[in-house]
Each structure stands twice: as C-alpha cells, then as structure tokens.
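Since the structure comes first, as structure tokens, the remarks are kept for the end.
The values are calculated or read from the model by the stated rules, or taken from the named source; none is laboratory data. This structure is a prediction, so every number in the text was calculated from the model and none was measured. Neighbour counts are summed over all protein chains in view; Cβ atoms, including those assigned to glycine, are modelled from backbone coordinates with ideal geometry. Just the protein is used for accessible areas: all its heavy atoms, side chains included, with ligands, DNA and RNA removed. Shrake-Rupley method; radii C 1.70, N 1.55, O 1.52, S 1.80 Å.
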Amino acid sequence: MTDVGIPEIDIKLAVEFAPVDKLKLTTVCCCIAQSFFLEWPDLCGVQQEVQCICFETAVSLKCLQFGDATKTCSKSVSLSKCIDLTSGDFVCLESKYKFIYCFCITGAVTQWCGFDNLKPCATKGNCLCCDFRCGLPPSDETVPFGIACCGFPLYPKDYKFGSMS
C-alpha cells in the first residue's frame with residue numbers, strides 16, 4: 001500500500017459526567033431524566049456521550065480554562081474518515097477533533113459509525129447546569145424505569161436516581 005502521508009492522530013477524550021449523587025431536582029419520565037448540576041466550576045461546559053445501535057459520539061468542552069496551554073485564540077487538530085478500509089476494518093465514519101478557543105475554552109469531539117459493536121440507544125451528559133440522561137430500553141446502567149417530579153418519586157414510590165438516590 002502506498003503511504004499518502006496522512007498520519008493517524010490519537011485524541012484522548014475524557015468525558016467527566018456529573019456524579020448521580022450531585023444531581024438536583026431530578027425529573028424522570030419512563031426512560032428520560034433531567035436534573036440540575038450546580039457544582040462550580042464543573043458546571044462550566046458540556047460533557048456528553050450518545051450511542052445508538054451503530055453510532056457513537058462524545059463531547060467534552062470546558063470553559064474558564066486559563067493557563068499557559070490555552071494562550072491562543074484558536075488552535076485545533078482533526079482527523080476524519082468516511083467509508084475507510086485502510087486499517088483492515090470497515091469504518092463507515094470516524095471523526096476526531098481537539099481544540100482551544102478564545103484563550104479559555106478547551107475540548108474534544110469524537111464520532112464513530114460502524115457495525116462491529118452494536119449498542120442500545122442511550123445518552124448522558126450536561127450542558128452548563130442542565131443534566132440530561134436517557135436510555136432505550138431503560139436500565140440501571142442508563143436511566144431506571146420510573147416517574148418522578150423535581151426530586152419526588154411518583155412511581156415506584158421507592159424510586160432511586162439522581163436527587164432521589
């Protein structure tokens with residue numbers, strides 16, 4: 001095979017979810033939970049993972065990250081693959097992106113689509129103070145089945161998740 005000079009890049013992405021016991025006023029409807037995450041400065045950013053059957057994406061963006069490493073208005077590196085067979089595996093889509101913006105925002109995004117590791121549909125993450133989680137089907141690993149309003153369980157009466165844990 002001819003080397004066309006496109007190097008692989010390794011972007012490590014650590015999504016830092018709000019701990020379940022730090023969520024406030026959790027409202028749940030079957031398989032969807034919305035809560036508030038009010039820990040300062042951890043709430044300043046976006047942390048999210050989404051998966052659905054053959055697609056996965058993850059985002060980690062942090063604001064107020066001042067320091068020597070962020071002394072730039074804009075700096076980024078990315079890699080994108082579409083219908084790629086060069087590694088020996090079929091990759092429908094793979095995308096990686098790491099960035100620094102406005103002297104204080106750092107982050108990374110990854111996306112992947114393929115057929116070798118199928119998963120149930122689920123999302124988990126927060127945008128600033130709003131935490132959102134969903135799982136189809138509902139499960140203990142995503143969102144347990146239940147109904148709750150502003151931290152008060154309605155069904156089952158002993159429901160435990162988020163601010164009710």
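Charge tally for VAL77 (other residues, Cβ to Cβ under 14 Å; Lys, Arg +1; Asp, Glu -1): +2. Exposure check, 1.4 Å probe, all protein chains in place: ASP140 carries approximately 130 Å² of accessible surface.
Please list ILE11, ILE32, ILE105, ILE53 from largest to smallest accessible area, probe radius 1.4 Å, with all protein chains kept in place. Show your work: numbers first, answer last.
Details: ILE11 20, ILE32 70, ILE105 40, ILE53 95 Å².
Of ILE11, ILE32, ILE105, ILE53, the descending order of accessible area is ILE53, ILE32, ILE105, ILE11.
When nucleic acids and ligands are ignored and a 1.4 Å probe is applied, PHE115 ends up with an accessible area of around 130 Å².
With a 1.4 Å probe and every protein chain left in place, work out the accessible area per residue of segment 62-165 in Å², rounded to a whole number. Let's see the in-between values first.
Values: 6330 Å² over 104 residues.
Value for segment 62-165: 61 Å² per residue.
Between the beta carbons of LYS71 and LEU93, assuming R0 = 25 Å, the FRET efficiency works out to 0.15 to the nearest 0.05.
Multiplying the residue separation of CYS29 and CYS130 by 0.36 nm and subtracting their alpha-carbon distance yields 34.8 nm. The length gained on full extension between LYS157 and SER139, counted as 0.36 nm times the residue separation minus their Cα-Cα distance, comes to 4.7 nm.
Each residue, ALA14 and LEU118, gets one label point 7 Å from its Cα in the Cβ direction; the gap between the two is 3.5 nm. Across the chain the C-alpha pair distances fall into 5 Å bins from zero in the proportions 2, 8, 15, 16, 15, 13, 12, 9, 5, 3, 1, 0, 0 percent.
Computed over protein heavy atoms with a 1.4 Å probe, the carbon and sulfur contribution to the accessible area of the chain reaches 63%. Considering segment 32-90, its Cα convex hull presents a mean projected area of 7.2 nm². Scalar couplings 3J(HN,Hα) for segment 103-109, obtained by applying the Karplus form with A = 6.51, B = -1.76, C = 1.60 to θ = phi - 60°, are 6, 8, 10, 10, x, 8, 9 Hz; x denotes Gly and Pro.
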